[in-house]
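Okay, structure first, notes after.
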C-alpha cells in the first residue's frame with residue numbers, strides 16, 4: 001500500500017466499556033477514493049468503531065490518524081469540519097423539518113454567518129442562505145428527492161429517509177463518508193440501486209467511503225477491500241475474494257448464514 005494514498009489509519013485502536021472490550025487493538029488503513037467495507041456479526045464492534053472515528057466516544061487506547069493528523073482526542077464538530085461525515089444505523093433526521101431544511105442544516109459548518117447575524121438578516125447571511133439553499137436543492141436532486149423538498153422528513157418511506165440522510169451528510173462536503181448499514185430494510189432491487197448509487201457518489205464527489213453492512217453480497221460486489229471484526233478483534237482484511245475464502249471469516253460470520 002502506498003503510504004501517500006492513506007487518508008485514514010487506525011493504530012492499535014481499543015475501546016473498553018467497563019469490563020467489556022468492544023474494539024480490541026484494531027489496526028487498518030483506508031486509501032483515498034476507496035470503498036472500504038466493515039463486516040462482522042452483531043456485537044462485533046463495527047458501530048463502536050464508527051463512533052470512535054467520528055469522536056462520539058474517545059478511544060481507551062490507540063490512535064486515529066486522518067491525513068497525517070492525530071484526531072483521537074478531537075470533538076465531533078471538529079471531526080466534521082475536517083471532512084468526515086456519517087449516517088447512522090438508526091436514521092437521525094429532524095422529522096418535523098422539511099427535506100430541504102434537513103440538508104441545509106447539514107451544511108451549516110460551511111457558513112460564516114453567526115447566529116445573531118442570521119437572525120437579524122444582516123450581511124452576509126442572505127447570500128449564504130441562498131448558496132446553502134441552492135446546494136441543498138442540488139443534493140436533493142442528486143439523490144432523487146427534488147420533487148419532495150418541502151415534505152416533512154417523517155413522512156418519507158424508509159429508503160427515501162436513507163437517501164435524505166446521505167444528502168445531509170454530503171452537505172458537509174466530506175472527504176470521507178461513513179455509511180452505517182445503508183441497505184438495512186431494503187429489498188434486493190433497492191440494494192442493487194443503492195450499490196450503484198454509492199459508486200456514483202464516490203466518482204461525483206471524489207469520496208472515500210467506509211460502510212458497515214450486513215448484506216454480504218452487496219459488500220462483496222461493492223467494496224475494494226473489506227475488514228472483518230469478531231468480538232472486537234480484526235480477524236481478516238483484504239480484497240473481497242480473499243476475505244470470502246478466509247477460514248476464520250467463514251467460521252465467525254459467513255458460515256453462520
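Values in this text are rule-based calculations from the coordinates and carry no lab data. Just so it is clear, the structure is predicted and the values come from calculations on it, not from any experiment. For neighbour counting, all protein chains shown are included, and Cβ atoms are generated from backbone atoms with ideal geometry for every residue, glycine included.
Could you work out the relative contact order of the chain, using alpha carbon pairs under 8 angstrom and six or more residues apart, expressed as a whole percent? Taking the mean separation of contacting Cα pairs over the length of the chain, I get 27 percent. Fewest neighbouring Cβ atoms within 10 Å first, the residues 105, 166 line up as 105, 166.
For the stretch 186-257, the calculated P(r) over all alpha carbon pairs, in 10 Å bins from 0 to the bin holding the longest distance, is 18, 48, 29, 5 percent.
Taking square-rooted eigenvalues a ≥ b ≥ c of the alpha carbon gyration tensor, is the stretch 65-108 rounded, prolate or oblate, where a/c under 1.5 means rounded and, failing that, a/b exceeding b/c means prolate? Because a/c hits 1.5 or more and a/b exceeds b/c, the stretch 65-108 counts as prolate.
Think of it as helices only: each DSSP H run of n ≥ 4 in the chain is worth -39500 (n - 2.57), and spread over all residues that comes to -11000 deg cm²/dmol at 222 nm. The packing ranking of peptides 56-63, 37-44, highest mean first, is 37-44, 56-63, where packing means the average number of other beta carbon atoms within 10 angstrom of each residue.
Using a Gaussian network model of the chain whose springs link C-alpha atoms within less than 10 Å, name the residue from 136, 236, 85 with the highest mean-square fluctuation. The residue with the greatest mean-square fluctuation here is 236. Ordered by the number of other Cβ atoms lying within 10 Å of each residue's own Cβ, fewest first, 149, 47 fall into the sequence 149, 47. The equivalent ellipsoid of the stretch 1-104 has semi-axes of 24, 19, 14 Å, largest first, where each one is the square root of 5 times an eigenvalue of the Cα gyration tensor. Could you state the orientation-averaged shadow area of the convex hull built on the Cα atoms of the chain, in nm² to one decimal? Value for the chain: 14.7 nm². Given the options 202, 75, 168, state which has the largest fluctuation in a GNM of the chain using a 10 Å cut-off (strictly under) for Cα springs. In the Gaussian network model the winner is 75. Put simply, when 151-158, 226-233 are sorted by average Cβ atoms within 10 angstrom per residue, most first, you get 226-233, 151-158. Divide the volume of the convex hull around the Cα atoms of the stretch 1-43 by the residue count and you get 84 Å³ per residue.
By the count of neighbouring beta-carbon atoms within 10 Å, fewest first, 214, 77 end up ordered 77, 214.
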